[in-house]
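Quick notes on the structure that follows.
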Amino acid sequence: DSLLAQTMPNFEVLAVNDGSKDRSGEILNAYAEKDQRIKVHHFVQNKGEPSAVRHAWSIAQGEYLARMDNDDVCLPERFEKQVYYLDRNINTCVLGTWSYHLVEGAPLQLSARPLYDAEIKANLVIARGNISNPTAMWRKKWFDEQKITYGTLANVSDYGLWVDCMLAGGVFANLKQPLLKYRLHPKQASSNIDITNQGVQIIIEKLFLGLFPYLEKDACIALASICHGIGPRTFQKSMLNKAFNAFNVVLKNDQVMFGEHRERMLKNIEAKVHFWQNALAKSNSN
């Protein structure tokens, strides 16, 4: 309903029914009968979110692709304002927006993101606070030319998409307007902590190897390991010390690699280093 209420009328909705066992397929078909912009695709078996996104991407006809999850709500001017910006900023590859966090029984909470490319890239090193996946709109042609598409990792392939975009020289931006209500609930996919952390580790290693090519691979992986994660995590002391030493090397090299705000990026990493240094000191004192 929030998609069909958009103030910009010219778009297609590629709705993928990922092998659901309830009435989702019937509901989608009923919508498609009423509105020709809706094109429904049914998977016989559940293939997972990455497969559904890649399928929709492969058949999309539009100049821009916009992501929308089934549990979120678009504000009416989302598409109009994003298309307006992208039409006038031809170097921008990915455009996100601010959003509201939608929690049942609670007032809306504003979720702000950095506005400019360099700051967004600086936040990619901590795998948070960069581009909010369900607010994103991106240039299909640019990604196709770079041979970049959605990955296969559960819960985090959006993060992988942004990292691949950065490493290919892409440019990001966020609109300083909340144009989506992002629903938070216990059953959302990203709440699966172990799978999320494993996927992010694979992607962030790729990012750090690109950002710090002068580091030994094992040191680079150690540093990447302490820069993300949700829930309690444990590391061996030897691995932590390897990460700390790697950061000291990074501090001596201030070369910007992909247009990132280097100072902010280093501060983001430094905060993670200090956290684990304190945790290690506390462990040693015990």
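The values are calculated or read from the model by the stated rules, or taken from the named source; none is laboratory data. A quick note: this is a predicted structure, and the numbers were derived from the prediction, not measured. Cβ atoms come from the backbone with ideal geometry, glycine included; neighbour counts cover every protein chain shown. All accessible areas refer to the heavy atoms of the entire protein, side chains included, with ligands and DNA or RNA removed. Shrake-Rupley method; radii C 1.70, N 1.55, O 1.52, S 1.80 Å.
Based on Cβ point charges of +1 for Lys and Arg and -1 for Asp and Glu, what charge dipole magnitude is obtained for the chain about its Cα centre, in debye rounded to the nearest 20?
It works out to roughly 620 debye.
How large is ³J(HN,Hα) for each residue in region 15-27, as worked out from phi by the Karplus curve 6.51 cos²θ - 1.76 cosθ + 1.60 (θ = phi - 60°), to whole Hz, x for Gly and Pro?
Result, ordered by residue: 9, 9, 8, 7, x, 5, 10, 9, 9, 4, x, 4, 5 Hz.
For region 44-182, what are the per-bin percents of Cα-Cα distances with bins 5 Å wide, up to the bin holding the maximum?
2, 10, 20, 23, 22, 15, 6, 2, 0
Gain in length, K140 to D254, computed as 0.36 nm per residue apart minus the alpha-carbon separation, to one decimal in nm?
37.8 nm
Can you pick out the pairs among K121/K206; K47/K140; K217/K252; K47/K121; K217/K272 whose Cα atoms lie more than 21 Å from each other?
Table pairs above 21 Å Cα-Cα are K47/K140; K47/K121.
Mind running the shape call on region 120-244? Use the C-alpha gyration tensor, a ≥ b ≥ c as the square roots of the eigenvalues: rounded below 1.5 for a/c, prolate if a/b tops b/c, oblate otherwise.
Oblate.
In whole angstrom, and with the biggest value first, how far do the Cα coordinates of the chain range along each principal axis?
66, 41, 37
List the GluC sites (Glu not before Pro) within region 233-275 that fall in a DSSP loop (any state other than H, G, I, E or B) and whose Cβ has at most 14 other Cβ atoms within 10 Å.
Listed in order of number, the matching sites amount to none.
Please identify the trypsin sites (Lys or Arg not before Pro) of region 203-278 that satisfy two criteria: DSSP loop assignment and at most 16 other Cβ atoms within 10 Å. Which are they?
Those that pass, being in a loop and sparsely packed, are R233, K252.
Tell me the per residue accessible area of the chain using a 1.4 Å probe; a whole number in Å² is fine.
Here the residues of the chain average 53 Å² of exposed surface.
How big is the gap, in Å, between the Cα center of region 30-94 and the Cα center of region 188-245?
Centre-to-centre (Cα) distance: 31 Å.
When only alpha-carbon atoms are used, what values of Rg and Dmax, in angstrom, describe region 1-118?
Cα radius of gyration and Dmax of region 1-118 are 15.8, 45 Å respectively.
Please report the relative contact order for region 47-175, taking Cα pairs under 8 Å with a sequence separation of at least 6, and give it as a percent rounded to a whole number.
37
Can you give me the P(r) profile for region 228-286? Cα pairs, bins 5 angstrom wide beginning at 0, each as a whole percent.
4, 15, 26, 23, 16, 10, 5, 1, 0
Once you have a ≥ b ≥ c as the square roots of the Cα gyration tensor eigenvalues for region 1-63, tell me rounded if a/c is under 1.5, and otherwise prolate or oblate according to whether a/b is larger than b/c.
It comes out oblate by the Cα gyration axes.
On the accessible surface of the chain, probed at 1.4 Å, how many percent belong to carbon and sulfur atoms?
It is 51 percent, rounded to a whole number.
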